[in-house]
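A short reminder: the numbers here are calculations on the coordinates, not readings from a lab. Please read these numbers as outputs of a predicted model, since none were measured by experiment. Note that we place each Cβ from the backbone using ideal geometry, even for glycine, and neighbour counts take in every protein chain shown.
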Amino acid sequence: MGSSFTTEAAQRNGHDNEGAEITAPSRGPAGAAGAAAGAAAGAGASATRSLGRVARAIAGAVSSRIPAADLDERDPDYIRDNLPWMWLLCTLYFRAEVRGLDNVPERGGVLLVGNHSGGNVTPDTSVFTLAFSAYFGVERAFYQLAHNLVLSMPGLAPLRKYGTVAASPQNAELALRSGAALLVYPGGDWEAHRPSSDRNKVDFAGRHGFVRLALDQDVPIVPVVSIGGQETALFLSRGDALARALRLDRLFRLKVLPISLALPWGLNVGDMLGHFPLPAKIVSEVLPPIHLRETFGPDPDVDAVYEYVTATMQDALDALAFERRLPVLG
C-alpha cells in the first residue's frame, strides 16, 4: 500500500521517481509487459481498497443498527398474542416435541445451553421458546442471545419482544443478574452451518465462555439438546476459508460463509436471506441442571466443565439420533 501511495503522489507532483518509472513510455516487449503488469497490479490494489472501504461501510451500518440491550423490550402480552400461530407452526409443520422442561429450575437465574442447528433459520429456537412460554407462562423472564447481524436485519425487530438480545458478555450478565432464564448457543454460526454429514454432532468449537459466565454469575447450567434442525436444508460446507479470505470474521464476526442447497434458492451461498425450511421433525430434550461448584468443587476447572457439558450433550444427542428412523420424517 505504501508503494501505491508513493506512485500516486509522484504522478500528482510531476516527480521523476518511482511513479515516473512506472508511467514512463515502455521500450520493447519487456517494457510493455512490465507496464501491463504494473497497471494490473495497481488496478487490483485499487479494487481491493475499494472493496475494503465498502465492507467497512457495511460493517459500520450494521453496527449502528444493533440495539442496546433493554430487557424491558421483552413483551409478555406480545408473546401471549402470538402463541397460537407459533403453536400451529411448531406442532403441525415441525411436529415438535420438547421433553424434560421440569428439569429447568422454577425460579432464579439459569443458563440454558443449547446446540445450534438450521443455518440462519433455526426452528429449534422457535420450538423451545414456545414450549418454555407455555410451560412456565409468558410472565417468566426468558431471554435468548443472538448474533449482531440477526438483530440488525430489517424485519426482525419483533425478536426483541420475545426477549432476544445481542450476544455479548454484558448482555448475558445483565439477564442472569435479573434472575432470568437465558438461552445461549456457544457454537453460534459455526455449529448452525455445520455440514449435514455432521448433523448429529455437538460442536462448540472450543468456546468456553458459557462456563465462565455460569461460574461468575453462580447459576446452574441446563443443557438443551435438539435434533432435526440440520435437516431443514442440505448443508454442504461452512465456507470458513471463504469467510477468512473475505475478512468476514474481522468485519462482521462471521466465521463462515456457508454453502447449502435450500428452498427457494437452490444453491444458497451465505444464507443471508434465510431459506424455506423443510418440514423436519424437531425434538428437543432438556437435561438435568448441572450445579458447577457442587459437581466440580469450589474452584472448577473450566476445561473440565466444558468437556463434561459437551460430552453429556453429545450422549443425549446420540440417543435422540438412535430413535430417529429417517431424516426429515423423524
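When only alpha carbons are used to place a centre, the stretch 261-278 and the stretch 289-319 end up 35 Å from one another. With an a/c value of 1.5 or above and a/b not larger than b/c for the gyration tensor axes a ≥ b ≥ c computed over the alpha-carbon atoms, the stretch 183-307 is described as oblate.
Taking a Cβ cut-off of under 13 Å around K161, the surrounding Lys, Arg, Asp and Glu residues balance to a net charge of -3, with basic ones at +1 and acidic ones at -1. Modelled this way, with points 7 Å down the Cα-to-C-beta line, the labels at L71 and D303 are 3.4 nm from one another. Applying both filters, DSSP loop and at most 11 other Cβ atoms within 10 Å, to the GluC sites (Glu not before Pro) of the stretch 109-204 gives E139. Proximity of backbone amide H atoms, modeled 1.01 Å from N, is registered between V98 and S284 at under 5 Å, excluding neighbours fewer than 5 places apart on the same chain. In plain terms, the chain from A157 to F136 could stretch by 5.1 nm, reckoned as 0.36 nm per residue minus the Cα-Cα distance.
Karplus-derived 3J(HN,Hα) values for the stretch 187-198, using 6.51 cos²θ - 1.76 cosθ + 1.60 with θ = phi - 60°, are x, x, 5, 4, 7, 5, 10, 5, x, 4, 5, 9 Hz; glycine and proline are entered as x. Cβ crowding within 10 Å, taken as a proxy for footprinting-reagent exposure, orders L101, L317, L112 from fewest neighbours to most as L101, L317, L112.
Ranking of T164, T310 by neighbouring Cβ atoms within 10 Å, starting from the fewest: T310, T164. The simple Förster model, with R0 at 45 Å and r as the Cβ-Cβ distance, assigns D81 and Q217 a FRET efficiency of 0.90.
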